[in-house]
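Structure first, then comments.
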Amino acid sequence: MPTTTPSLDAKLFLDQIRTLGDIGTDATVGGRTRIALTDDEKAGRDQVVRWMRELQLDVRVDRIGNIFGILPAATEAGNQQPLMMGSHIDTVRNAGALDGCYGVLAGLAVARAYLVAGVQPARAIIVGAFTNEEGVRYQPDMMGSLVYAGGLAVDEALDTIGTDGTRLGDELARIGYAGDLEPGAIVPHEYLELHIEQGPILEAEGQRIGVVENLQGISWQKITVQGTANHAGTTPTRLRHDAGYVAAAIVAFLREKVAAAAPETTLATTGSLRFEPDVINVIPRKATFTVDLRDPDESRLQAAEKRLADFLVEVAEREGVKIETERLVRFEPVVFDAGLTNEIEASAQHFGLSHRRMTSGAGHDAQMIARIAPAAMIFVPSRGGISHNPREHTDDDQLVQGAQVLLDVVQRRLAAA
């Protein structure tokens, strides 16, 4: 019998998380791998689409491969101003089962709650699964939502060449997800994203819900140092043009000077480093490495970029090397909608759940959709702060509580429509 109040089917929700988590698993190394637009990610997409169709949602796919399941509103006006929820289902290599997938499946759980209750929402409810959020195979990351928000031309994104030499548009067509909907054709009235924290703060403080107020700005660049290869035993230090040493000096500078200038907010990371010729007794002629700078304040992020740029000039002159930089990604910090964050906090209080307002250090699709619509995020704890790892874990009751908060916020927002 239909009820009059939408309620969460917690068991089915958790079952679906586990079912999707089984797609792309590797028993040898652990975890699951669903890199964007691979066969394993296609299998994940197919499963999500099946679940959408079981709920009788109108399934639409846009030209960049973003998937949307639409539960129509009670009125045509409500269809024109939908409430959207979502995240992504692609993963890094050997990932956990929750990053991204949790938000997509929680959105389906909310739509299911309305359907089962026989309640037609005042606004259309849209559940989105965005393409290539992780950016492992194709860059930039958060590509599907970036294109959707108008930050990257769809044709340029389709022509992106991946790390394996494939063209993104060709792979979309190959797996059957080259849709015809123009990205951004459906502009949400509001956007909500439920996500695991991917950090240690909520668990360390014993908090159940994170009310995400803002996201850090992100600056990625690739730095190439060109030096001179020479014999490690016969070349005096004062006569070297050592690309390896210069790379090490830059990495140390990032920690000791750039991040230290604002230790509570600025983060600096070198996640990839390669030397050539990569021989133990040869001074490196070339070093190539990445720099990831993050800060929730744009002025501090710009200051960090400038400190680094100035040091590159200084060390290149001092060591007699050539340094080139290539910008890979640059996203400004995002401040989420105050009305939505207040609503999330009110919902946590309604359920008696401990909570805190916080900044997210990771990138999310929500930061792209925030360019075109009011947006906000809900976090639940991550055990040990671990993510992008097979040991990624959030307790079932915490997963359900986060989904209940999401449903409650949706009900509040739709009641006010």
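The values are calculated or read from the model by the stated rules, or taken from the named source; none is laboratory data. Every value quoted in this text rests on a predicted model; they were computed, and no experiment measured them. Here the Cβ is made from the backbone with ideal geometry for all residues, glycine too, and neighbour counts use every protein chain on show. Just so you know, the surface numbers come from the protein's heavy atoms only, side chains and all, with ligands and any DNA or RNA stripped out. Shrake-Rupley method; radii C 1.70, N 1.55, O 1.52, S 1.80 Å.
By how many degrees, 0 to 90 and rounded to 10, does the Cα axis of helix 101-117 deviate from the longest principal axis of the chain? Approximately 10 degrees, to the nearest 10. Counting only protein heavy atoms and a probe of 1.4 Å, the accessible surface of the chain is 48% carbon and sulfur. Here the chain is treated with +1 on each Lys and Arg Cβ and -1 on each Asp and Glu Cβ, and its dipole about the Cα centre works out to around 540 debye. On full extension, the segment bounded by Arg391 and Arg50 gains 120.0 nm, given 0.36 nm per residue less the C-alpha separation. Amide H to amide H distances under 5 Å link Asn230 with Ile283, where only residues 5 or more positions off or on other chains count and H is placed in the peptide plane. For Val279, the accessible area of its heavy atoms, probed at 1.4 Å with every protein chain present, is near 70 square angstrom. Placing +1 on the Cβ of every Lys and Arg and -1 on the Cβ of every Asp and Glu, with no other charges, gives the stretch 284-354 a dipole of roughly 480 debye about its Cα centre. Stretching Ala248 away from Ala303 to a fully extended chain increases their span by 17.7 nm, per 0.36 nm per residue minus the current alpha-carbon distance. Of the listed residues Lys222, Lys257, the order by accessible area with a 1.4 Å probe, largest first, is Lys257, Lys222.
For the chain, the longest principal axis of the C-alpha atoms and the axis of helix 396-415 are separated by about 60°. Total lysine pairs in the chain at Cα distances under 23 Å, for residues eight or more apart or on different chains: 8. Find the centroid of the Cα atoms in the stretch 285-318 and in the stretch 7-55, then give the distance between the two in whole Å. When both Cα centres are located, 39 Å separates them. Bridge orientation summary for the stretch 1-157: considering DSSP beta bridges with both residues in this region, about 65 percent are antiparallel. Counted residue by residue at 0.36 nm each, then reduced by the alpha carbon distance between them, the extension gain from Thr5 to Val282 reaches 92.6 nm.
Candidates Tyr102, Pro333, Leu55 compared by Cα position along the dipole of the chain: farthest toward the positive end lies Pro333, with charges placed on Cβ. Across Arg18, Arg167, Arg327, Arg413, the residue with the most accessible area heads the list, and the full order at a 1.4 Å probe is Arg327, Arg18, Arg167, Arg413. Mind running the shape call on the stretch 1-149? Use the C-alpha gyration tensor, a ≥ b ≥ c as the square roots of the eigenvalues: rounded below 1.5 for a/c, prolate if a/b tops b/c, oblate otherwise. It comes out oblate by the Cα gyration axes. Round to the nearest 10 and give me the degree value, 0 to 90, for the angle of helix 39-54's Cα axis relative to the longest principal axis of the chain. Helix 39-54 sits roughly 20 degrees off the main axis of the chain. Solvent exposure of the chain amounts to 42 Å² per residue of accessible area, where only protein heavy atoms count and the probe is 1.4 Å.
Taking all protein chains together, Lys11, Lys42 sort by accessible area into Lys11, Lys42, largest first [probe 1.4 Å]. In this structure, Asp39 and Thr75 have a Cβ-Cβ separation that, at R0 = 45 Å, corresponds to a calculated FRET efficiency of about 0.60.
At an R0 of 30 angstrom, the distance between the Cβ atoms of Ile161 and Leu181 translates into a FRET efficiency of 0.80.
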